Amino acid sequence: MAQKGISWVLVGVFGYAWWWIGYQWAYLNVPEVDWSDVFLLFTLISLVVLRGAKSDAAGEGMFDKLVSTVTGFLPSLPWLVLAILVGNTIFALQYAGFAIDSYLQAVIVAVTAGLTTALWVGAINNAGE
């Protein structure tokens, strides 16, 4: 019962972190440049990746499924970064000029959307016992 309670507390903490990074962090969300839609897209992509990932916990520890979910997701991060860099390049060619900061923001969006999603999904998996 304690594991379930702690896991759901972590879902709240990680869910808040996901929301704040994607929708409140001034670096990614200013009127001129708003990455929130892209953040949501990469959250959905991360959920699809997590659904297909093998994340069976090997041990009996309290946070095995959380750790297993996150570590199982880590090999996908470079591919998420590649995908967002390609998308950012297409956007730059179609609508805007090239800006180094937009590439850095794109990488941050992919990594933070992926990791925070893996964290709250892992916490939910951990609470399932």
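For this structure, a couple of remarks:
- Among 8-14, 29-35, the order from most to least packed when residues are scored by Cβ within 10 Å on average: 8-14, 29-35
- Loop-located trypsin sites (Lys or Arg not before Pro) in the range 1-106 (DSSP state not H, G, I, E or B) with no more than 14 neighbouring Cβ atoms inside 10 Å: Lys54.
- Expressed as a whole percent, the accessible area of the chain that falls on carbon and sulfur atoms is 71 (1.4 Å probe).
- Here the Gaussian network model covers the chain, with springs between Cα atoms less than 10 Å apart; of Gly22, Gly97, Gly87, Gly97 fluctuates the most.
- Estimated FRET transfer efficiency when R0 is 22 angstrom, pair Val33-Trp79 (beta carbons, to 0.05): 0.35
- Membrane-span-like helices in the chain (whole DSSP H runs, Cα extent of at least 20 Å along the helix axis, mean Kyte-Doolittle hydropathy of at least 1.6): 36-52, 77-94.
- Mean separation of Cα contacts under 8 Å (6+ apart) over length of the chain, as relative contact order %: 44 percent
- Candidate values (1) 1.49; (2) 1.95; (3) 1.15, label of the one derived for Cα Rg over 2.2 N^0.38 Å: (3)
- Ordered by solvent-accessible area of protein heavy atoms (1.4 Å probe), largest first, the residues Met62, Met1 come out as Met1, Met62.
- Restricting the chymotrypsin sites (Phe, Trp or Tyr not before Pro) of the range 57-129 to loop positions (DSSP other than H, G, I, E, B) with no more than 14 neighbouring Cβ atoms within 10 Å leaves Tyr95, Phe98.
- Counting only protein heavy atoms and a 1.4 Å probe, the chain has 58 square angstrom of accessible area per residue.
- Across Thr43, Thr71, Thr117, mean-square fluctuation computed from a Gaussian network of the chain (C-alpha pairs under 10 Å connected) peaks at Thr71.
The values are calculated or read from the model by the stated rules, or taken from the named source; none is laboratory data. What you see is a predicted model; the values in this text were computed from it and never measured. Every residue, glycine as well, gets a Cβ built from its backbone with ideal geometry; the counts of neighbours run over all protein chains shown. With ligands, DNA and RNA removed, areas are computed over all heavy atoms of the protein, side chains included. Shrake-Rupley method; radii C 1.70, N 1.55, O 1.52, S 1.80 Å.
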